[in-house]
Amino acid sequence: MIEEELDGKRRYIVSFKNKQEREDKETDKSEILQQSVGPRLNFVDVGSKTAGFAPPHDPDGLVALDINDFELPMLFVALSEKEAKTVNEDPNVAFVEPDGKFYAQGLSPYWLPSKGNFIEGDTLLPNSQATVSKGALIQAATIPWGVSNVKAPICWEATLGKGIYVAVLDTGIWPHDDLKENLVGGISFVPGESWVDHNGHGTHVAGTIAAKLNSSGVAGVAPSAYLYGIKVLSNDGSGNWSWLMSGLHWMKRYSDCRFDVANMSIGGSEVPSTLETFINDASRQTLLVAAGGNYPQSAPNKPVMYPAKYERCLAVSAIQSDNNIASFSARGPEIELCAPGVDIFSTMPDNTYNSMSGTSMAAPHVAGAAALCKGTHRSLNADEIRKILIDTANNLGIPGKDDEYGYGKVDCNGATFHKKCG
């Protein structure tokens with residue numbers, strides 16, 4: 001849903017005081033809001049939704065997403081400027097701030113498409129690691145250069161990432177033949193759009209993480225990891241921060257599984273102040289991997305975008321096949337790891353394949369590496385897995401950490417076989 005459809009309203013994030021601090025301790029925050037804007041809204045309790053949920057199409061801005069949490073009592077709602085002012089003056093409200101936009105970092109305005117766009121059945125050079133043994137010969141699938149470059153196939157004798165849950169906060173995931181065995185479900189927080197991907201970005205990211213190792217198609221970094229699509233980007237590749245915050249809140253609350261890793265191949269430059277609280281909250285149990293961001297080659301500065309800029313996100317820059325930083329890639333002190341991000345071959349909707357470029361393509365290599373590392377270190381928490389990934393990275397650029405490559409290129413082999421155990 002685009003802002004122009006909201007008939008003079010904008011989307012806002014309304015943060016309430018917790019009930020102990022409110023003047024009105026008995027009335028629910030949704031009722032308090034209704035008193036300021038009139039009885040017209042339909043409230044959706046984000047944390048209570050089950051797999052398959054999607055908000056209804058909402059051109060008039062009548063659906064409000066409800067974060068029903070003692071520490072994070074918020075409502076995401078469309079308001080006129082006058083209504084926003086009235087709500088902000090309510091003594092039960094902590095503050096009101098505008099929502100904002102973020103974008104896919106592979107299909108952003110600066111997306112760099114591959115030569116030979118939308119390839120079906122692309123032929124790649126043979127790879128010595130395309131066939132591995134695990135008790136018996138596993139039939140060969142195409143191993144994209146990035147998967148081989150981060151040394152994932154060497155690990156598959158020890159772990160394929162089975163039993164590790166990876167959330168993909170993106171445009172959704174299309175049930176591709178290479179993904180559907182690992183795809184355990186999805187949910188959408190984009191009004192009027194199901195969690196199934198009709199853009200391609202999320203499906204491409206998911207393939208790099210966990211495309212199945214079988215006799216056809218491509219293989220991902222962790223080819224048996226479980227995938228879950230959390231749609232926070234619309235089919236046009238843009239999203240509202242409130243959708244991401246809803247996805248992060250739901251991910252923490254979802255009781256059917258505990259997400260070990262979450263990939264966020266997304267980015268924006270202006271954020272609501274409350275976003276970091278959701279990032280910090282989700283990172284308590286889930287390793288958050290985020291794309292650093294894309295820029296035109298001529299941009300004088302390429303600062304790391306949000307949410308990768310936050311301390312609790314593992315920020316990833318993109319490199320080429322020669323291990324040099326990609327011209328479009330963000331760089332800065334927040335970058336911790338780098339990974340392949342140019343001409344990355346992966347899954348797309350309708351059982352097709354495509355090569356794409358962007359930090360969006362680099363981040364899922366790291367998310368997949370985290371899944372493999374977790375597969376051999378199952379007792380370790382998200383922070384401990386993050387430390388292993390950093391400690392075992394292959395240094396590039398100047399010795400030590402730098403703004404382009406971080407601590408270096410993610411190394412699945414080093415992380416998976418790291419000696420530390422829980």
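The values are calculated or read from the model by the stated rules, or taken from the named source; none is laboratory data. Model, not experiment: these values are computed from the prediction. With ideal geometry, Cβ positions are generated from the backbone for all residues, glycine too; neighbour counts draw on all protein chains shown.
Some points to look at:
- Single match in Ala370, Ala330, Ala326, Ala363 (criterion: surrounded by 23 or more Cβ atoms within 10 Å (Cβ to Cβ), within 22 Å of Val304 (Cα to Cα) and either more than 20 Å from the chain's Cα centre (by Cα) or not assigned by TED's automatic domain parsing to the domain that holds Lys180 (or both)): Ala326
- Of the residues Ser246, Ser194, Ser234, the single one that is part of a loop (DSSP other than H, G, I, E, B), in contact (Cβ under 8 Å) with a residue 24 or more places away in the chain and touching a strand residue (DSSP E or B) at 6+ places or on another chain (Cβ under 6 Å) is Ser194.
- When Ile154, Ile173 are checked against the criterion of being part of a loop (DSSP other than H, G, I, E, B) and either among the β-branched types (Val, Ile, Thr) or surrounded by 24 or more Cβ atoms within 10 Å (Cβ to Cβ) (or both), a single residue qualifies: Ile173.
- Flag if Ser148 is farther than 23 Å from Ala282 by Cα, of a type in the set (S, T, N, Q) and either outside any helix (DSSP H, G or I) or outside the structural domain of Tyr405 (by TED's automatic domain parsing) (or both): no
- For region 117-168, the candidate set comprises residues that are of a type in the set (D, E, K, R) and more than 22 Å from the chain's Cα centre (by Cα); within that set, the residue that is modelled with the highest pLDDT is Lys151.
- Residues in region 255-311 that are within 17 Å of the chain's Cα centre (by Cα), among the polar types (S, T, N, Q) and either closer than 26 Å to Ala210 by Cα or not in a loop (DSSP other than H, G, I, E, B) (or both): Asn263, Ser265, Thr277, Asn280, Ser283, Gln285, Thr286, Asn294.
- From Gly267, Gly185, residue being assigned by TED's automatic domain parsing to the domain that holds Tyr165, within 25 Å of Phe345 (Cβ to Cβ) and of a type outside the set (Ser, Thr, Tyr): Gly267
- Residue in region 76-84 that is closer than 16 Å to Trp243 by Cα, of a type outside the set (Gly, Ala, Ser) and surrounded by 16 or more Cβ atoms within 10 Å (Cβ to Cβ) present: yes
- Failed condition for Gly220, given (1) in a loop (DSSP other than H, G, I, E, B); (2) within 19 Å of Gly292 (Cα to Cα); (3) in contact with a Ser or Thr (Cβ under 6 Å, 6 or more places away or on another chain): (2)
- The residues of region 269-283 that are of a type outside the set (Phe, Trp, Tyr) and under 17 Å from Ile230 (Cβ atoms), listed by number, are Leu275, Ile279, Asp281, Ala282, Ser283.
- Wholly within region 330-422, helices (runs of 4 or more DSSP H) carrying at least 1 residues that are of a type in the set (Lys, Arg) and modelled with pLDDT of 95 or more: 359-376, 382-391
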